[in-house]
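The structure appears right after this line, and notes come after that.
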Amino acid sequence: MKTYSGAPYAAATHSALQRRLLRNASFPPRTVQQDALKMGPVPMVPEVHLFLAEDSVLLWARLEAEDGGPLPAPYWATPWPGGQALARYVLDNPEVVAGRRVLDLASGSGLVAIAAALAGAAEVTANDTDGYAIAAIQANANANGVQIATVADDLTDGDGADFEVILAGDCLYTAEVAAVMLPFVGRAMQRGATVLLGDPGRGYAPPGLLRTLTTYESAPLVSGEDGQRDRTSVLTPVAVALTS
């Protein structure tokens, strides 16, 4: 059981952004603060504890007020169903990542990257273009006792470099995002990488391009999502569809 206290834990982090991010965060919570973060277990992956939003909208408003301008939505403060399913699959099938170099693309909270590290990956890199997500990934990795490298660049115009396994949870949540992600997935697979996606059936995975490895009943989110699906699948690319 994790027993991190907000102020001492924040002081121990190595980033001013992390200290700001984790202000008022604690587990167990000292007082109820709806715009704060609280550490707790992830519903489908209780082996992993994350700093998550009590109310992501109020957290977003506080961070924007502190920053003095608009910020991306704090997707890193919610354990999205695709990430939960993918993390569960990795922990239940550690041979997928064990001893291999792993990239968690659009990592958000770092949940999937942390699961890969716990499952025995040789190296894990978490990627996200949001600086607050990078801070959250580092803090969550520290809290779970794993080492994860972070990259803040947009990697979707490449093929995943020399990573042997590429993981991406909830990366097909709009048509625009899918139009960027699916070509990346194809390039990564064609060079020989293992690619796994977590998706709750939002409708942006074209038929014949991805096949289902397993499906889970979706756990409730810590903070709500409009239109949450009841089932979430782990998908992998189909070679014939990608090369035809």
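On a full-extension model of 0.36 nm per residue, what is the gain between residue 64 and residue 95, subtracting their alpha-carbon distance, rounded to one decimal in nm? Intermediate results must be reported in sequence, preceding the final value.
Details: separation 31, 0.36 × 31 = 11.16 nm, distance 4.14 nm.
Value of the extension gain: 7.0 nm.
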request  = Note down the nm distance, to one decimal, between modelled labels 7 Å out along Cα→Cβ at residue 73 and at residue 212.
outcome  = 2.5
query = Ignoring ligands and nucleic acids, what accessible area does residue 95 show with a 1.4 Å probe (Å², nearest 10)?
reply = 120
request  = Pop the C-beta distance of residue 153 and residue 190 into the FRET formula with R0 = 22 Å and round what comes out to the nearest 0.05.
outcome  = 0.55
ask   = What is the list of residues in the stretch 106-127 whose amide nitrogen lies under 16 Å from a point 7 angstrom out from the Cα of residue 47, following Cα to Cβ?
value = 111-124
ask   = Along the charge dipole of the stretch 102-163, Cβ charges K/R +1 and D/E -1, which of 163, 129, 112 sits furthest on the positive end?
value = 112
remark   = Length gained, residue 176-residue 161, 0.36 nm per residue minus C-alpha separation, equals 3.1 nm
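From the Cα gyration tensor of the stretch 164-219, with a ≥ b ≥ c the square roots of its eigenvalues, which class applies: rounded if a/c is under 1.5, or else prolate if a/b is larger than b/c, or else oblate?
On the way: a/c = 1.80, a/b = 1.26, b/c = 1.43.
Oblate is the answer for the stretch 164-219, as a/c is 1.5 or above yet b/c matches or exceeds a/b.
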ask   = What residues have an amide H closer than 5 Å to that of residue 124, excluding those fewer than 5 places away on the same chain, when H is modeled at 1.01 Å from N in the peptide plane?
value = 102, 149
query = Once phi is turned into ³J(HN,Hα) by the Karplus curve 6.51 cos²θ - 1.76 cosθ + 1.60 with θ = phi - 60°, what whole-Hz value does each residue of the stretch 59-64 show in order, with x for glycine and proline?
reply = 4, 4, 4, 5, 5, 5
query = HN-Hα J couplings of the stretch 188-204 from phi, Karplus 6.51/-1.76/1.60, θ = phi - 60°, integer Hz, Gly and Pro as x?
reply = 5, 5, 5, 8, x, 6, 7, 10, 10, 10, x, 8, x, x, 6, x, 10
task = Report, in whole Å, the centroid distance computed from the Cα atoms of the stretch 77-134 and the stretch 166-196.
result = 15
ask   = Residues with amide H under 5 Å of residue 55's amide H, sequence separation 5 or more or different chain, H placed in the peptide plane at 1.01 Å from N; which?
value = 36
note = For residue 35, the accessible surface traced by a 1.4 Å probe with all protein chains present amounts, in square angstrom to the nearest 10, to 50
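The values are calculated or read from the model by the stated rules, or taken from the named source; none is laboratory data. Quick caveat: nothing in here was measured; it's all calculated off a predicted structure. When we count neighbours, we look across all protein chains shown, and the Cβ atoms used for this are built from the backbone with ideal geometry, even at glycine. Side chains included, ligands, DNA and RNA excluded: accessible areas come from the protein's heavy atoms. Shrake-Rupley method; radii C 1.70, N 1.55, O 1.52, S 1.80 Å.
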